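Working notes for the structure below.
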Amino acid sequence: MGILNVTPDSFSDGGRYFNPSSAVDHALRMIEDGADIIDVGGESTRPGSDSIPPEEEIRRTIPVIEELAKHVSVPVSIDTCKSAVAERALEAGASMVNDISAMTFDRRMPQVVSKYNVPVILMHMTGNPKTMQDSPSYDALIPELIDYFRSKIAHAVQSGIPRELIIIDPGIGFGKTFDHNLQIINHLHEFGQIGQPLLIGLSRKAFIGKILDNAPPAERIEGTAAAVAVSISKGAHIIRVHDVREMSKVAKIADAINRERIVH
């Protein structure tokens, strides 16, 4: 999954693809580089960020999605927690919803996803982007996340969303400390008991920078590659990344090793 932020303030590439034309060009490059899904987001969810009105999110994302729908065959995902934005995006040609709130911020979101019968990504987060990094704590991190997903999946199914269309994301960096992030990656295989496809988004995240002597986002590619390889080996099905060309190669190697292990 290639990340396409049409925002002025995202933590890693804010402003680079804020212009619709440059955003579409970047998406086309990511597809050439191996992206199977393009995830379009119009609102930064970096730690400490404020929410923006749905009208502004729509203004930023819909022209890009409409243009992509004309030119690409891969699925386009809308990264939003607002039902109005999701519905406009699905009307414009998106075919997937990525909701960092697991459909809890907007009570109408399950209705929209069910109406359009599209895949939905349910992510775990404590609080909201503005407050999520204010001393997050858990009594038992992995069991709590597993219970959370079981609850949110049950609610989605009750809302008319087929279980086979639900993807889960443990939310690296969303209400998690440095140690929490490492623990999630190390225990990714435990999420397999839930029975849903597993997405992980760790591209250029702060915990990688911390390990690499406070490297800035642009210098976290190798660190991201290491984390991606480990995540795939522990059961991740989808990797959400900025650096598609490099991470596609990492995924091919990790997949080949995994296949050999399964065969033998």
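The values are calculated or read from the model by the stated rules, or taken from the named source; none is laboratory data. Since the model is a prediction, treat every value here as computed from it, not as a measurement. Cβ placement follows ideal geometry from the backbone for every residue including glycine, while neighbour counts extend to all protein chains displayed. When the accessible area is computed, the model is the full protein with side chains, heavy atoms only, and any ligands, DNA or RNA have been set aside. Shrake-Rupley method; radii C 1.70, N 1.55, O 1.52, S 1.80 Å.
Numbers below:
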read-out	value
Extreme residue, positive dipole direction of the chain, given options ASN258, VAL230, GLY175 (C-beta unit charges)	ASN258
Of all accessible heavy-atom area on the chain, the percent that carbon and sulfur account for (1.4 Å)	51 percent
Whole-Å distance, taken between Cα centres, linking segment 185-234 and segment 162-182	11 Å
Loop trypsin sites (Lys or Arg not before Pro), segment 121-230 (other Cβ atoms within 10 Å of the site Cβ: 13 or fewer; DSSP)	LYS130
Helical mean residue ellipticity (222 nm; -39500 (n - 2.57) per DSSP H run of 4+; nearest 500) of the chain	-13500 deg cm²/dmol
Gaussian network model of the chain, springs between alpha carbon atoms under 10 Å - residue of ILE62, ILE194, ILE78 with greatest fluctuation	ILE194
Extension reserve of the SER51-ALA154 stretch, reckoned as 0.36 nm per residue once the Cα distance is removed	34.3 nm
Over segment 152-239 - Rg/Rh using Cα atoms and the Kirkwood inverse-distance radius	1.04
Value of D in µm² per second that Stokes-Einstein yields for segment 105-198, Kirkwood Rh from Cα pairs, at 37 °C (0.692 mPa s)	234 µm²/s
Inter-probe distance in nm under a simple model that places probes 7 Å from Cα toward Cβ, at GLU32 and LYS252	1.7 nm
Å² of accessible area per residue within segment 33-73, as computed with a 1.4 Å probe and no ligands counted	46 Å²
Along principal axes, Cα extents of the chain, largest first, whole Å	44, 41, 39
Within a Gaussian network of the chain (alpha carbon springs, distance under 10 Å), most fluctuating of ALA227, ALA89, ALA218	ALA218
Total charge dipole magnitude, the chain, about the Cα centre, Cβ charges on Lys, Arg, Asp, Glu only, Debye to nearest 20	340 debye
